[in-house]
1. Let me test this: with uniform point scatterers at the alpha carbons of region 230-342, what is the Debye-based log₁₀ I(q)/I(0) at q = 0.10, 0.16, 0.17, 0.20 1/Å?
2. Distance from a point 7 Å along Cα→Cβ of residue 253 to each backbone N in region 307-339: keep the residues under 16 Å and list them by number.
3. If I take every Cα pair under 8 Å that is 6 or more residues apart in region 230-342, average their sequence separation and divide by the length, what percent do I get for the relative contact order?
4. On a 0 to 90° scale, report how tilted helix 176-194 is relative to the longest principal axis of the chain, with both axes built from alpha carbons and the result rounded to the nearest 10.
5. Using only Cα atoms, tell me the angle between helix 282-297 and the longest principal axis of the chain; keep it within 0 to 90° and round to the nearest 10.
6. Of all DSSP beta bridges in the chain, what percent run antiparallel (nearest 5)?
7. For the chain, what is the relative contact order in percent, using Cα pairs closer than 8 Å and at least 6 residues apart in sequence?
8. Once fully extended, how much extra length lies between residue 114 and residue 75, figured as 0.36 nm per residue of separation less the alpha-carbon to alpha-carbon distance?
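All of the numbers you see were taken from the coordinates with simple rules; none came from a lab. None of these values were measured; they are calculated from a predicted model. Heads up, the Cβs are rebuilt from the backbone with ideal geometry, glycines too, and the neighbour counts pull from every protein chain shown.
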Amino acid sequence: MNEVHDRSSELPAPPSGIDVLSDVLGSVRLTGSMLFLVDAHPPWRSWAPETEAFRRVVLPRAQHMVSYHIVTRGRCWAGLPDTAPERFESGDVLVIPHGDAYFLADAPETAAAYGAEETVTFFRQMAAGELPSVVTEGGSGEEQTQLICGFLGCDVRPFNPVLAALPRLIHLRTSGAAADRMRPLVEFALCELRGPSSGGSSVLLRLAELMFIEVVRRHLETVSTEQAGWLASLHDPLVARTLSLLHGSPGRRWTLEALAAQAGTSRSVLAERFTQFVGQPPMHYLTQWRMQLAARMLGDPGMKVGTVASMLGYESEAAFSRAFKRCAGVAPAGWRRRGEMAA
């Protein structure tokens, strides 16, 4: 690394008003699906198949569905079918970001009491508001475990760097200030779930989104600069500033030279450090982020493709259309038709 030209340690904070994590989360259409409380007594086992098995009956317009579970009382075991189960205590959070099948149970060896068809039917009815918000599971054992179960949809195409940076399973343990931020949300959710009232469904959907965002923030705090990945890059001064510049002005006709000058380093240092953390060069990342923004803009029937191209820094509609098709696998007009058909 060329330390002579690397002044990243002297960089000021990223430009004010540019919160990169919020920018991404705001662009990928987080949509609360359902939030409910499970009251379980041994023996019990709650499980879900891969989300593709029930996403269409719960959130047909969402590209992807994420699930998370917060243990509010007691303890349990949880995991993926092909990994070792982990012990969860009260306050711990389980997140399944990529749609894998998973289970929660009083003991790893406890058998499920229902099959795949019953599971899909349950999720369909819960999402439609046909079931109570508090669900009882298991047998007559004295030990009680309570879980808040949340599901929400989001975009994964053309580009969702937050989701791509998350592991298959996240286990967040109760600790410090992060837990203090989550606690009021959990208490609010429990109040709404136990005493439904007018407007409660809307409140729960927004809480599902808020709690997931807080989960991502808590996970971010566990990631160090010694790790690679988009979330880890937010802790590196140089890469974080570069991301802020790109997200702050995605339509600017950036060059690597101009970006490096604004970031306060050399081209080679910027390219090396950015690729080390993010997994791709800065200009490639910018193209993908522009395509994610374009996908959102194309959802507006009144937005012309040429206008989108111009807003995102392309000199011609043809150049933009080629870039979009390379990234999304379909031309802008085809992407728009897909969105209209899903509406």
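1. Each listed q maps to, in turn, -0.32, -0.74, -0.81, -1.00.
2. Within reach of a label on residue 253, which here means backbone N under 16 Å from a point 7 Å along Cα→Cβ, region 307-339 contributes 309-320.
3. After rounding, I find 23 percent.
4. 50 degrees
5. It is inclined by approximately 60 degrees.
6. Details: 36 of 41 bridges.
About 90 percent, rounded to the nearest 5.
7. Working: 571 pairs, mean separation 78.5, N = 343.
So the answer I get is 23 percent.
8. Values: separation 39, 0.36 × 39 = 14.04 nm, distance 2.15 nm.
Taking 0.36 nm per residue and subtracting the Cα distance, the gain is 11.9 nm.
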